[in-house]
Amino acid sequence: MTAVASIDIGTNTLRLFIAEREEDGTLRPVCYVRVVARLGGGYTEEAGIASVAAERALKALEGFRGVMDKHHARLERAVATSVVRRAVNRQWFIAEARRRAAIDIDVIGGVEEAALSVAGVNSVILTDKPVRLIVDIGGGSTEFVVVEHGEILFSESLEMGVVHLSEDYQRSDPPMRDELSGMENEIRVAIEGLKKSIRESGLGCLDGPVFDTVEFIGTAGTFTTIAAIDLELETYDSERINNHEVDRTTLQALYARISGLSLNERKDILSLENGREDLIIPGIIIVLNIMYVFGFLNVKVSDAGLLEGLLLTGPRREETQEEVF
């Protein structure tokens, strides 16, 4: 069997997934590497990606190339999302990745990002509910996808990411109540606007009681970190993360506890990944406000998402420039 690889270059985290593809198309995981590089740290619309942040990410990509060579893995696709998508210096960053790590990067738009995440989530999540609200909280944006019986009915990307929220609001350590309130209000308004957009699209499935018909599924770092903390994992275990459910009361208690701790105190929390000490607060606020606005009582977590979707869906799909930028 041939080892194949995919790379996700996000605003906060860079991730590498290597797997062996079985004859029936299923994937047997071989290696998973993640580096919190904070590519979006210090980002501005005028200058784009900060040079120090780009250097952290490029070093991570050089490391990924070494891991792929060690496993004799063929890179099928490397994609970049929110921060690279918006950056005025994205072409320079893409050229540097090719020069230093021999990695060709595709900058993908929100439509394709949603489809890839859905493919990955669907490969592991178990549910009898006909409708799924799949959410991917990133460093620079948050993706929302509504799926019914495997068909994407609605998708939207909100420029509401944990890196930017943390930099904009968390000026004190631990954050003051007014800083948390400002962040909570911005997030609540954005999600209420999302609900209005879903309603205006003609979908009524998220208007009424959602407990029996809609599964709220979270993928990527914020959700997997919440699940790992709830499970008190000493060592990350994707099999235990997949399909783990966290209820709203538990999440409210976690928010109350973590928001009162300093950055150094948060480092002592079991299962809180190094580099997420400040990001976990805006992440939890986003999840709680999705629950409040739509009426969810729990969230089901998926370790699988975009990375797995890249290998499950095959070669690159052509996109228009409008979709990407």
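The values are calculated or read from the model by the stated rules, or taken from the named source; none is laboratory data. Keep in mind that what you see is a predicted model, and the values were worked out from it rather than measured. Every residue, glycine as well, gets a Cβ built from its backbone with ideal geometry; the counts of neighbours run over all protein chains shown.
Structure values in brief
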quantity	calculated
Residue in region 85-101 that is crowded, with 21+ Cβ neighbours inside 10 Å and at pLDDT below 95 present	yes
Positions within region 34-56 being more than 19 Å from Ile137 (Cα to Cα) and either of a type in the set (Val, Ile, Thr) or touching a Leu at 6+ places or on another chain (Cβ under 6 Å) (or both), in sequence order	Thr44, Ile49, Val52, Ala53
Lone unmet requirement of (1) farther than 16 Å from Ile105 by Cβ; (2) touching a residue at least 40 places away in the same chain (Cβ under 8 Å); (3) in a helix (DSSP H, G or I) for Phe64	(1)
Members of region 138-188 that are within 17 Å of Ile284 (Cβ to Cβ), without any contact (Cβ under 8 Å) to a residue 40 or more places away in the chain and hydroxyl-bearing (Ser, Thr, Tyr)	Ser181
Lone qualifier among Val135, Val121, Val147 - being among the β-branched types (Val, Ile, Thr), in a helix (DSSP H, G or I) and buried (at least 19 other Cβ atoms within 10 Å of the Cβ)	Val121
Leading residue by the ranking (surrounded by the most Cβ atoms within 10 Å (Cβ to Cβ)) among those in region 156-188 that are in a helix (DSSP H, G or I) and over 23 Å from the mean Cα position of the chain (by Cα)	Glu179
Total residues in region 251-282, condition without any contact (Cβ under 8 Å) to a residue 60 or more places away in the chain, under 21 Å from Thr11 (Cβ atoms) and surrounded by fewer than 13 Cβ atoms within 10 Å (Cβ to Cβ)	0
Residue list for region 196-250, filter: in a loop (DSSP other than H, G, I, E, B) and touching a residue at least 60 places away in the same chain (Cβ under 8 Å)	Cys205, Leu206, Pro209, Val210, Phe211, Asp212, Thr213, Ala220, Asn242, Asn243
